[in-house]
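These notes concern the structure reproduced below.
The values are calculated or read from the model by the stated rules, or taken from the named source; none is laboratory data. Note that the structure is a prediction, hence the values are computed from the model and not measured. All Cβ positions, even for glycine, are placed from backbone atoms using ideal geometry, and neighbour counts span all protein chains on display. For accessibility, only protein heavy atoms count, side chains too; no ligands or nucleic acids. Shrake-Rupley method; radii C 1.70, N 1.55, O 1.52, S 1.80 Å.
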Amino acid sequence: MQGHPGGKVDRVALVDVNSFYVSCERVFDPSLEGKPVVVLSNNDGCVVARSNEAKALGIDNGDPWFKLAADAKRTGLIHRSSNYELYGDLSSRVMELLGRFSYLIEVYSIDEAFVSLRGTPEDLLKVGREIKAAVAKNIGLPVCVGIAPTKTLAKFVNRVAKQNPALEGVCSWDTLPPDHAETIMSRVPVTGIWGIAGRLGKKLNAMGIFTIADLKAADPVAMRKKFSVLMQRTIMELNGIPCIPLETEIATKQQLIFSRSFSTPVTTASRMHEVMAIYAQQAAIRLAKDHQQAKIMSCFAGTSYFNEKFSSFPSATVNLAAPTADPVLLTKAAVGALEHSIVDGIPYARAGVMLTDLSPAGAAPQLPVFATAHEEKHIGALLGDVMDRFGVSSIGLGRAGMAEAPDWGMKRKAMSPRYTTEWDELPLVKAS
């Protein structure tokens with residue numbers, strides 16, 4: 001732990017948006033405040049996010065909506081389809097705002113980030129409150145802030161902040177009374193700490209380690225021999241020794257997957273042609289944005305696992321001639337991969353395109369025979385720019401450029417407007 005003149009210390013703040021998906025819905029629909037709300041997965045299948053009021057009704061993540069729908073009117077339960085466009089945009093705004101408080105940020109997930117801070121404990125507690133207030137004022141989202149010497153402890157005190165209203169959403173390890181912190185650790189199951197999941201928790205329980213306090217008191221070297229260096233790091237971090245640095249650069253992706261289940265089964269080869277074309281072009285756009293190329297493409301489709309009449313899971317892998325992000329080449333490869341495997345009349349419930357053997361674009365010199373005019377003209381990036389500005393259905397190559405949305409697209413019957421990313425869905429403000 002490094003100290004600095006004036007009593008300043010280096011700390012990590014974990015900023016986490018409370019019930020992120022539900023909170024995003026409430027930003028533009030305040031009538032949802034105080035009501036039980038759930039957000040559903042793709043095709044309105046299962047619960048993936050809940051408000052505290054929905055949790056109080058006993059609803060868990062993973063509960064299928066068709067079982068909850070029958071009783072929703074009586075309980076007042078409100079559901080929304082996943083609005084990924086809205087959630088992604090609000091997440092970007094939160095992360096940009098956090099950048100005003102520190103030059104060093106690790107975006108850990110869509111709704112949480114680690115922020116490096118330096119100052120006296122009192123000053124950092126004040127900064128934590130300023131962060132919370134700034135996100136609420138500028139974006140309208142509620143966050144909790146946990147400040148501690150390590151990332152693991154920051155996760156822990158963030159949880160303390162969430163569960164103790166008296167802290168008003170901000171908790172600092174340095175200002176938390178030591179006996180208070182130890183008491184909480186002795187009451188929280190060991191699976192309540194970052195990095196300890198259910199199976200690992202059972203192994204620890206078998207060793208007599210039931211709480212976070214038990215794990216904190218364990219010998220890190222001995223535990224490394226029994227488990228791994230990750231366990232040693234967790235124990236050391238619980239004791240205030242930083243072992244997990246902030247990762248400000250996203251590790252190079254090893255694979256890229258575009259896969260969805262269909263709202264309406266795809267039953268013809270021509271419709272599957274459309275699916276493959278759209279997925280391949282989405283993959284090409286992502287490659288262009290990430291400045292990457294792919295060498296291997298795998299394509300797959302499948303019927304529902306619950307379909308007792310039909311069972312078909314065709315797949316194919318294409319070894320591309322050279323690493324590429326060319327949307328034309330990738331589309332041809334994807335369409336051709338399953339061209340002779342799809343049987344008309346079989347109801348395919350899902351399909352996907354996976355790209356592997358990824359490498360930075362231009363990392364290796366390319367022979368002229370493998371160079372493509374489309375790639376040199378940056379067609380993939382152009383498609384992405386147009387879609388960013390005019391919507392994902394605004395442009396496409398071949399059958400991916402259909403004027404009408406395909407009927408197999410994702411079902412989102414209860415989706416709120418994409419208030420911040422679509423011009424024709426902007427909220428209207430009326431003044432009287």
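Observations
- Residues that are at pLDDT 75 or above and either touching a Cys at 6+ places or on another chain (Cβ under 7 Å) or hydrophobic (A, V, I, L, M, F, W, C) (or both) were ranked within the stretch 245-259; the one that is most open to solvent (accessible area, probe 1.4 Å) is Ile257.
- Cβ pairs under 8 Å, 6+ apart, first in the stretch 106-118 and under 9 Å from Leu246 (Cα atoms), second open to solvent by 40 Å² or more (accessible area, probe 1.4 Å) and in a strand (DSSP E or B): Phe114/Tyr108; Ser116/Asp10
- Number of residues in the stretch 301-345 that are touching a helix residue (DSSP H, G or I) at 6+ places or on another chain (Cβ under 9 Å), part of a strand (DSSP E or B), closer than 16 Å to Ala269 by Cβ and of a type outside the set (A, V, I, L, M) equals 1.
- Test: residue in the stretch 40-53 that is surrounded by fewer than 18 Cβ atoms within 10 Å (Cβ to Cβ), part of a helix (DSSP H, G or I) and in contact with an Asp or Glu (Cβ under 6 Å, 6 or more places away or on another chain): no
- Residue match in the stretch 163-184 (condition: in contact with a Ser or Thr (Cβ under 6 Å, 6 or more places away or on another chain), at negative phi, buried (at least 17 other Cβ atoms within 10 Å of the Cβ) and in a helix (DSSP H, G or I)): no
- Total residues in the stretch 69-99, condition open to solvent by 40 Å² or more (accessible area, probe 1.4 Å), closer than 21 Å to Asn18 by Cα and of a type in the set (S, T, N, Q): 1
- Residue within the stretch 256-266 that is in a helix (DSSP H, G or I) and more than 29 Å from Lys155 (Cα to Cα) present: no
- Condition met for Glu274 (in contact with a strand residue (DSSP E or B) (Cβ under 6 Å, 6 or more places away or on another chain), touching a residue at least 60 places away in the same chain (Cβ under 8 Å) and of a type in the set (Asp, Glu)): no
- Of all residues assigned to the stretch 141-155, none qualifies as being more than 29 Å from Lys8 (Cβ to Cβ), open to solvent by less than 30 Å² (accessible area, probe 1.4 Å) and free of Cβ contacts under 8 Å to residues at least 24 places away in the same chain.
Per-residue answers, yes or no, for (1) part of a loop (DSSP other than H, G, I, E, B); (2) touching a Gly at 6+ places or on another chain (Cβ under 9 Å); (3) exposed (fewer than 14 other Cβ atoms within 10 Å of the Cβ):
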| residue | (1), (2), (3) |
| --- | --- |
| Lys132 | no, yes, no |
| Lys137 | no, no, yes |
| Ile196 | yes, no, no |
| Arg199 | no, no, yes |
| Leu215 | no, no, no |
